[in-house]
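Bear in mind that the values in this text are calculations on the coordinates, not laboratory data. Everything numeric here is computed off the predicted structure, so don't read it as measured data. Cβ placement follows ideal geometry from the backbone for every residue including glycine, while neighbour counts extend to all protein chains displayed.
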Amino acid sequence: MKKVLSCLMVICLLLASITMPVSAESQGVSPEVLEYIHSQILEFSTRIELTDYDVSPADTADLQNQLLYAYSDIWYLEKMSSASIGGKVQYLQINYASYTKEDVEWVEKTVQEGILAGIDESWTPLEKVLYVHDGMCETFQYDIRLFFPETADQVNRSIYQLLKEGTGVCQAYAGTFKYIMDKLGIPCRYVSSDDAAHQWNMVQLDGEWYHIDVTQDDPVLADAVVDPTTGEQQSIVSLLDRRGYVAHDYFLKSDAEIEDGAEGGSHYNWYVDYYESQPARSDRFEGSVFTQSVTGFVNVNGAWYFYEPDYENEKAIISKTTDFVNATPLWQEELRWGCSQEGLYYPMLLSGLGKAGDCLVYNTDSAVKVWDTKTGTVVKTISLQELAAKGTVVDFNNPEGGATVPGNVHIYGSCADGGMVWVQASEEVMADNYYVIVCELCADGHIESDFITVKPASKEQEGLQETHCLLCGETVRQKIIPILGSVKRGDCNGDGSLDTADLVLLKKRLAGLISVDTDAGYDCNLDGSVDTIDLTILKRSLAGLDALD
């Protein structure tokens, strides 16, 4: 797939409120003073006394940038000035713009309850970095107002604005990424290029530094539609974000891999922070599975799943990896998306990949499908028409009013989280007039799991088994496990003796011909489930080979 990472995007810092450092070797104030000032800003002090410290006016020449680069949690600092007597700074005057303590607390809460809430503490730093990168690409959209002169000065640059409105330029992306990395304790730096007017990040993993550009991995798209009769391509360009699209072209790159030269590039002549320029020498991830995926990676029970296009065979493939080096293809769909022109199609993967319980959720041209990672099968298919009928439809051009999805639209992207799915549909890929459909995946009924033992039975208390919905996780059925010894094993009819009548009932139970409220008697080996092993045990008991107490 051809991607155009719009050259307009690289001008995202031209209007930035933070002036970049005049020199990568700036010394600034000492770490002790820096930490003191930082602590005062966290308290929203508007005047910070420095009479107890030996700070000269020259030390504060670039102090604001020094602070913002060192501490991502004071993103709300807008402006500072200093007052000096006899060559010594007496105090700093701080301006926090329109932000309040409540805004800062809101950002903290939103990050904690949002991206951070989905992170498993057992994950490696690499897995956490991947999850944050993909989550930001799926959640946020580049602020395309920058592309138009009349709105360029209105773009969102702060963490608060990106989280609040869902859009921002590279400064907002880089700031938010570092903020989250700092929360996770993963070393992270800002990387800036004055020549390219762009900002991104570097992270440290296993002692090596790598470049990450979340902004460019959440790009403005341009692509082509193909006429199958002639093979000719027609260019399609849009400035809108597509739900579920996540690139990894700028994920964990070395200096050599990310360097793209001066002409039309975004990554050249960069510098890192203030006191150190960290070289990124490792090409450990060159050619890794990250380069194959155009969706986010989804973790289910310790394995990571991703959706990759096979353009040669026009197939879209769900694959699984545990080491990000080797991947196993698992499931495939046709790689063709319709468009408004009869006989034409898009040879590109226009699907997202989300998670619902132990299932993966993705979309085709006309439906959303739910794929069970345990069985390796599609367990649910919801057509676009069903989604529109069961869910809430919003017309992009008329967000305040109700909307009806016409019959000539196609699905061009989706996101799923838990039991909900968000679908983007339009007549043409990335058309300016599109519909967003929000639907509950189990709106017409749950997909029930097998019974699992929630609480085992003992001689003192009953146990409990439950089934849950594979999509939303809601409990569907419960079953009581009797106190051990209260019902004789194998006595399926509860008459106090073991005979062929019990054997018949157990066979019917296994064949699904009867349903029971309890597995008491049926569960011959007391393992919490009824299966052919129990049948074998009962047969052996009736044959006098084994005794059931």
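The figures follow:
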item: Span-like helix ranges in the chain, DSSP H, alpha carbon extent 20 angstrom or more, Kyte mean at least 1.0; result: none
item: Anisotropy class of the stretch 315-471 from Cα gyration tensor, a/c 1.5 cut; result: oblate
item: Among 169, 410, 100 - extreme Cα towards positive end, dipole of the chain, charges at beta-carbon; result: 410
item: Distance violations [Cα-Cα > 30 Å] among 320/508; 374/488; 79/253; 315/355; 253/320; 380/459; result: 320/508; 374/488; 79/253; 380/459
item: Point-charge dipole on Cβ atoms (K/R +1, D/E -1) for the chain, about Cα centre, debye to 20; result: 1040
item: Efficiency of FRET between residue 164 and residue 43 - r from beta-carbon atoms, R0 22 angstrom, step 0.05; result: 0.40
item: Mean projected area in nm² (Cα convex hull; one quarter of hull surface) for the chain; result: 33.7
item: Estimated translational D of the stretch 22-117 in µm²/s (Stokes, Kirkwood radius over Cα pairs; 25 °C; 0.890 mPa s); result: 171
item: Net length gained if the chain between residue 97 and residue 147 were fully extended (0.36 nm per residue, minus Cα distance); result: 15.5 nm
item: Pairwise FRET efficiency - residue 195 versus residue 480, Cβ, R0 = 51 Å, nearest 0.05; result: 0.15
item: Residue 34-residue 122 pseudo-label distance in nm [points 7 Å out on the Cα-to-Cβ vector]; result: 3.8
item: Proportion of all alpha-carbon pairs of the stretch 246-375 beyond 26 Å (%); result: 38
item: Quarter of Cα convex hull surface for the stretch 108-150, i.e. mean projection, nm²; result: 4.2
item: Extension reserve of the residue 301-residue 517 stretch, reckoned as 0.36 nm per residue once the Cα distance is removed; result: 74.7 nm
item: In nm, spacing of pseudo-spin labels at residue 433 and residue 542 (7 Å Cα→C-beta vector); result: 7.0
item: Only Lys, Arg (+1) and Asp, Glu (-1) charged, at Cβ; the stretch 403-549 dipole about Cα centre in debye; result: 560
